[in-house]
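The values are calculated or read from the model by the stated rules, or taken from the named source; none is laboratory data. Values in this document were obtained by computation on a predicted structure and should not be read as measured data. Cβ placement follows ideal geometry from the backbone for every residue including glycine, while neighbour counts extend to all protein chains displayed.
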Amino acid sequence: MPTPMNRGAFAQAGSSLAFKTGTWRSAKPVHVHATAPCHGACPAGEDQQAWLALLQEGQLQKAWESLVTANPLPAITGRVCPHPCESACNRGHYDSPIAIHAVERWLGDQAILHNWPYPRLPGSPRSERVAVVGAGPAGLSAAYHLARRHYNVVLMDAMPEAGGLLRSAIPPTRLPRDVIDAEIRRLMSMGIEFRPRTALGRDVTLDELRGEFDAVFLAVGAGKSRHWDVDGAVPADLHEGLALLREWLAVGAIPKPNAVLIHGGGNTAVDLARVMRRAGVRDVHVVTASGLPGPDTDTDDVLNVVPRELEQAIEEGVQFHPHRTINRLIMRGSKVVGVEMVRLKKLPDGNGRKSRVSFEGTETVLHVDMVVPAIGEVVDPTGLTAILAGRDFIDTDMFGTVAGHPGLFAGGDCRSWIKKLTNGTVSAAIGDGRRAAEGIDALLSGRPPAEENRPSLPFAELNLAYYEKSKRVQLPTLPLESRDDSREIEGGPDSAQALAEAARCFSCGNCLACDNCWTLCPDNAVLKTRETCSDGSHYLFDYEYCKGCGLCAAECPCGFISMVDDD
Amino acid sequence: MTEMNDPRARQPRFRGLEAGHRACQGCGEALAARLVTESAGPDVILTNATGCLEVFTTPWPQSAWRVPWLHSLFENSAAIASGVEAALKAQGRRSKVIAMGGDGGTFDIGFQALSGMLERMHNVLYVCYDNEAYMNTGIQRSGSTPHAARTTTSPPGKERMGKRHLKKDLLSIIAAHHIPYAASASVAYPQDLRRKVRRAMEVDGPTFLLVHSPCPLGWGHDGSETIQVARLAVQTGLFPLVELERGEVASVMPLRHRVPVTEYLGLQGRFRHLFADDDHRAREEREHLQALADYNVERYGLDGDGDDPFDADGADTVRRGGPASS
C-alpha cells in the first residue's frame, strides 16, 4: 500500500524505526546516581551537591530545605565546621574546591533573614515521647530530626540556654552569639519542649528518664578534662584549656603570663592561643604532635583545626611547634619556668596502627611561665556510671544504640570512636543526632534503621572538557589591626558571590541536564523528557535503538552515565 | 506506530535523521548528519552522494530520513542538487537544497560537479562529512586522508609510513570560488556546528561546510571516543575551525591551550606505526604532523589570548540546564 509522504511528516511505513538496532548492543548505558565526594565526606551527612544544584536552578528556599534534611544548623556549621567536604571536593583536583562553607553559611543566614520554616517529613503525629539529654549540637540535631518525624521531644540541658559548647567553647569571633540565638530559636519553634537547668545526676536520673520516656538520647558531651601530667609532674597552678576558654567566654577574664605554652592540636588549643595573644600575651606557643598542613604531611597527621583558623592564628602571631611533645617540665618549686620539648612523629608500628615515636637528640628548651593542656576531654561520669562502667566514653553503634540498654541512645562528643565516623566536631555531633533519630524512629516503628549508602564518584569519571575554569570566591576577612574579642573575623559572601560559587559545582554523580547525551547520540537513542524521570534526570535511554557505543557515558561531564554489561 | 504518549514523538527538536539507521557504534558521520539536518529544519531537500551515509540510512525498503532525500551516484550529488535547486526556482518555491557527500565523494570523485555548482552560484548548502578515507568500500585512502595515516591502500611498511601525500586543502579551493560562505566544523563542537549550519542556511547562494567526523572503524579507536578524538583534532590545530566569506578568513575558533599532536595520534590505530620504538621514521613523521599543525596555527592565527568563551576550551562548556554559551 502506498504511503503518503508529506514533507516533514513522519515516514510511517518504511521508516528505519522498524529496525531495532538495540539488538547489536553488548553493553548498555545506565544512569548511576553516585555520591558526590563532598556528600561522602560530610560528618553531618549533608548532600552538598544536591543543594548546590538547587541553587544553580535559582531555588533558594528549596536548596535550604534540602540542606536541612540532614543539618538543621547551617548558619552555625558554615562558620565553624572544618569542612572536610571542601578537602574532598573533586574541583580541588581541577582548580580550587567550591567554598561550600561560605555558601552554606549564606544559605543559613538567608533562612534566618526570611524566616523559612523547617519542613517536616510527611506523616501524622506520634504518641511516643523521647528525651534528649544535652542541648549541644548532637542533642539539637536529634531533637530536630525527631520533631521532623512528629515525635514529642523533651530537650534538657544543665545550662540555662540551649547551645552546649557552641556557647561555652567557641569564641564569638568565629561564631557570633546572635547567629546561635537565631538558629536555635527557629529550631526550637518546631514544638520542641526545652527544660533548662536540668542536669543528669543532679536534677534527674537516667532511670527516671527511661521510665518516663519511650527512648532517651544522651548527648551530654565530654565535660571533664582528660588527665594531664608530664612524668607525674603537674604545676600547682594548672589550668585546663577548655576551662580557661569557658571562663573567658563567661566572664571575660584570661590569665596574662609573659609566655604561655598550650599543649594540644585541636580547636580549643588554637582558639585559646588566639584569645591569649589578643589579650596581650607576648609569646603564645602551641605544641602539638600533629603536623601543619603541607605537601609532606599525611592527611591523618594534620592538626584537627579549621584550616582558615590556623592561617589566621599564624597571622596573629601564634607560634606553632608541630610534631613535638613535652618531655619534661622545668620547675622552680611548684611553678613552671620552662619545658623541654622533643620532636616526634606518628609512624606505622608494623601492626597496622600508628604510634608516637620521639627522636632522641632533638630536645629543645622553651622558657615559658605557664603551661596549659588542651589535649581533649572525656565524659563527666556524674549520673552515668552504670553506662560508662569505668570507661571514658559511651560505646554505641552507628545509630547511637547503647548495647544492653534498650531504648537508650547516645551520640556526639560522649560517644567512643567508631570506624568510618569522625568525632569531635560540631558536624560529627549533628550527624550523630541525625542517625540516632533514625535509630529511635526505627526502634519505635519496629523496623531496621537505614542509612544511605551509594558509591562515591572518583575524579577520573568526570569529563573536564565541559567545565570552564573559575576562581574560588574571596571572602572578606577583618584586617589584623581591627580584630578584637567580639567581631566576627571572616565575613560571608554576598548573594551574587554565593550563587556564582554554587555555579562552580561539577554536579559529581548527578545529572547536570546539560543535554550532552541527547545532543551527541549518533543514533537518536537518548530521549529528552519534560517531566523528571524517576532517576532525577530528564533523559531516557531508548534501548530499542541504543547500540551501546558508550559515547554518552564518555561525554557525560558529571559521571552520571555508566556502561554496564547487557545480557 | 507513534502515539502521543511516546516520548520519541514529543522531542523538543526536529529530527531529520531517525533512529534505526545502520551506522556503526559511535559513528561520527551519523552524528554529524543528525546535527546538520536538525539545525536545517524540515523545509529542505537533501541529495546524497554514494557512501556510508547513503548506505546506512536507506537499506531498502526503509529510510531513516524524515525529509525528502535523493541519491543517484557517487560523483553527482552537487549536480543533482543544482538541478533540484533550478527546478524549485522555476516553480517559485523557496525550500533550501542541501547536498551531502563524504570526503571521497567531495574531495575526489564529485569534485568537478561541486566546482560547477559553486561556479554557477546555485542556492545550495553543500555539506561534506569528512572522515578522511573511503570508509564505505573498506578504508581506501582519499584526497582527504591525512599525511602518514594507515589505510588499506596506504599501508605502512618498508617503503612508506602510511599515506605519502598531504591532506588536500579543500576549503581553500572552495573559497577560491569566491562563494559567500564556507566553513569547517567538528562533531566535537555541536553548538558551533549548529550555528554554522544556520548561518549557511540564511545565505542566498552557494555555501559549503566541511564537518570533521571521526570513523571509529577506519581510524581505529573505540566508538565511545569519537568526540574525544574529534576534539583533539581541533585542539592540536590539525583540523582548524574557520569561517571564510568570499574567500577571506572571517573568523576562527582560537586555541586556548594547544595540545601536542601525539595526544591525538596516539588514540588512533591508523597512526599506531608512528609510535614504533625501533623506527626512526616514526619520530620524523610525528614531527612532520606537529609541523603541519603549527603551520595551521600560524596560517589562521589560532593562538588565543586569554580565556575566550568561544575558544576550543570554552566553546562547548556546560552549566546546569544546557550548554554554557546558549
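Things worth noting here:
- For region B:92-117, the set of residues classified as polar (S, T, N, Q) and away from chain A (no Cβ under 14 Å) consists of B:THR106, B:GLN112, B:SER115, listed by residue number.
- Residues in region A:432-470 that are polar (S, T, N, Q) and either at pLDDT 95 or above or surrounded by 13 or more Cβ atoms within 10 Å (Cβ to Cβ) (or both): A:SER445, A:SER456, A:ASN463, A:SER470.
Quick grid of which residues meet (1) more than 8 Å from chain B (Cβ to nearest Cβ); (2) crowded, with 23+ Cβ neighbours inside 10 Å:
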site: A:CYS521; (1), (2): no, yes
site: A:ALA525; (1), (2): no, yes
site: A:PHE541; (1), (2): yes, no
site: A:CYS546; (1), (2): yes, yes
site: A:CYS549; (1), (2): no, yes
site: A:CYS558; (1), (2): yes, yes
site: A:SER562; (1), (2): yes, no
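- Applying a threshold of 7 Å to beta carbon distances and a minimum spacing of six or more residues, or different chains, the list of pairs starting in region B:306-326 at a residue that is more than 7 Å from every other protein chain (Cβ to nearest Cβ) and ending at one that is aromatic (Phe, Trp, Tyr) reads B:ALA315/B:TYR189; B:SER325/B:PHE310.
- Condition check for B:ARG66: buried (at least 20 other Cβ atoms within 10 Å of the Cβ), at pLDDT below 95 and at the interface with chain A (Cβ under 8 Å from one of its Cβ atoms): yes
Residues checked against (1) among the hydroxyl-bearing types (Ser, Thr, Tyr); (2) touching a strand residue (DSSP E or B) at 6+ places or on another chain (Cβ under 8 Å); (3) under 24 Å from A:GLU247 (Cα atoms):
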position: A:VAL302; (1), (2), (3): no, yes, no
position: A:GLN319; (1), (2), (3): no, yes, yes
position: A:LYS346; (1), (2), (3): no, yes, no
position: A:ARG353; (1), (2), (3): no, no, no
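Conditions tested, residue by residue: (1) farther than 19 Å from B:GLN62 by Cα; (2) in contact with a Leu (Cβ under 7 Å, 6 or more places away or on another chain); (3) in contact (Cβ under 8 Å) with a residue 24 or more places away in the chain.
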residue	(1), (2), (3)
B:ASN5	yes, no, no
B:GLY16	no, no, yes
B:ARG22	no, no, yes
B:GLY28	yes, no, yes
B:LEU35	yes, yes, yes
B:GLY41	yes, no, yes
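- Failed item in (1) closer than 30 Å to A:LEU540 by Cα; (2) not assigned by TED's automatic domain parsing to the domain that holds A:CYS517, with A:ALA41 passing the rest: (1)
- A:LEU329 being in contact with a Gly (Cβ under 9 Å, 6 or more places away or on another chain), outside any helix (DSSP H, G or I), aliphatic (A, V, I, L, M) and not assigned by TED's automatic domain parsing to the domain that holds A:GLY439: yes
- Among the helices (runs of 4 or more DSSP H) confined to region B:178-291, the ones with at least 2 residues that are within 14 Å of chain A (Cβ to nearest Cβ) and in contact with a strand residue (DSSP E or B) (Cβ under 6 Å, 6 or more places away or on another chain) are located at B:190-202, B:226-236.
- Any hit, region A:471-489, residues being surrounded by 18 or more Cβ atoms within 10 Å (Cβ to Cβ) and on the phi > 0 side of the Ramachandran plot: no
- In this structure, B:SER82 does satisfy being modelled with pLDDT of 95 or more, touching a Lys or Arg at 6+ places or on another chain (Cβ under 7 Å) and buried (at least 21 other Cβ atoms within 10 Å of the Cβ).
- Condition check for B:LEU118: in contact with a Lys or Arg (Cβ under 7 Å, 6 or more places away or on another chain) and either on the phi > 0 side of the Ramachandran plot or not charged (D, E, K, R) (or both): no
- Only one of A:SER124, A:SER66 that is in a loop (DSSP other than H, G, I, E, B), touching a residue at least 12 places away in the same chain (Cβ under 8 Å) and among the small types (Gly, Ala, Ser): A:SER124
- Helices (runs of 4 or more DSSP H) contained in region A:141-256 and holding at least 1 residues under 30 Å from A:LEU443 (Cα atoms): A:165-168, A:177-188, A:206-212
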